[in-house]
Amino acid sequence: MTVQNGSDGGPLLTLAFITLTLSELAYFTALGLMIPVVPLFATDSLAVGSAAVGVAIGAFSITALLLRPLAGWVADRWGRRRLMVAGALLFSAVIAAHLLVTQFWVLLGLRVLLGVAEAAFFVAGVAALADLAPAERLGEALSYNSLGLYLGITAGPALGD
């Protein structure tokens, strides 16, 4: 398989690179926002205990973990942009659906779907980054791009709280 990256030595900070990084910042800010909200919602509104909260949180992570290899395969065949957009749209719909939850099993199902969305969005984003970055600056590109993830995970919980 051939890696299709910008190995011509072109610039790193292109419009596409900045757009990708900003989209990941927005995505991970929204995901981070859910970190304090979901446990409070589950314990207060759904009246479940801490074990159930752990199951709901874990369902997201396990689903994302298990589906990442499949998401990589899909990104290679279906295209990075299409998979990333599909992941973002699913993520948006699932986050909005959290507002309608009245039973724990619905929350659990939404957390699984959120894991599907995360696998698609994250893997497609990393693959797109590898395509965009000049080969000799891939490490630098990953470091800059990861700022969107970590800034989002840092700012999101403060906004959610």
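Screening the chain for whole DSSP H helices with an alpha carbon extent of at least 24 angstrom along the helix axis and a mean Kyte-Doolittle hydropathy of at least 1.0 yields 15-44, 50-78, 80-97, 104-132.
By per-residue mean of other Cβ atoms within 10 Å, what is the highest-first order of 31-37, 91-97?
31-37, 91-97
The calculated FRET efficiency for the pair residue 26 and residue 62, based on their C-beta separation and a Förster distance of 35 Å, comes to about 0.90. Its Cα centre serving as origin, region 1-101 has a Cβ charge dipole (Lys and Arg +1, Asp and Glu -1) of approximately 240 debye.
Once you order the gyration tensor axes a ≥ b ≥ c over the Cα atoms, which shape class does region 70-110 get: rounded for a/c under 1.5, otherwise prolate or oblate by comparing a/b with b/c? It is oblate, given that a/c is not under 1.5 and a/b is not larger than b/c.
Each Lys and Arg contributes +1 and each Asp and Glu -1, all at the Cβ; summed about the Cα centre of region 14-161, the dipole is approximately 340 debye. Using only helices, what value at 222 nm comes out for the chain when you add -39,500 (n - 2.57) per DSSP H run of length 4 or more and divide by the total residues, to the nearest 500 deg cm²/dmol? It lands at -28500 deg cm²/dmol.
If you model the chain as an ellipsoid using its alpha carbon gyration tensor, with each semi-axis the square root of five times an eigenvalue, the axes come out at 32, 16, 11 Å, biggest first.
Calculated FRET efficiency, residue 40 and residue 151, Cβ-Cβ r, R0 35 Å, to nearest 0.05?
According to the calculation, E is roughly 0.95.
Computed over Cα pairs, the Kirkwood radius of region 49-91 leads via Stokes-Einstein (0.692 mPa s, 37 °C) to a diffusion coefficient of 281 µm² per second.
Placing R0 at 30 angstrom, the Cβ-Cβ distance between residue 159 and residue 78 gives a FRET efficiency of 0.40 after rounding to 0.05.
FYI, it's all coordinate maths here, none of it is from the lab. Since the structure is predicted, the reported quantities are computational estimates derived from the model, not experimental observations. All Cβ positions, even for glycine, are placed from backbone atoms using ideal geometry, and neighbour counts span all protein chains on display.
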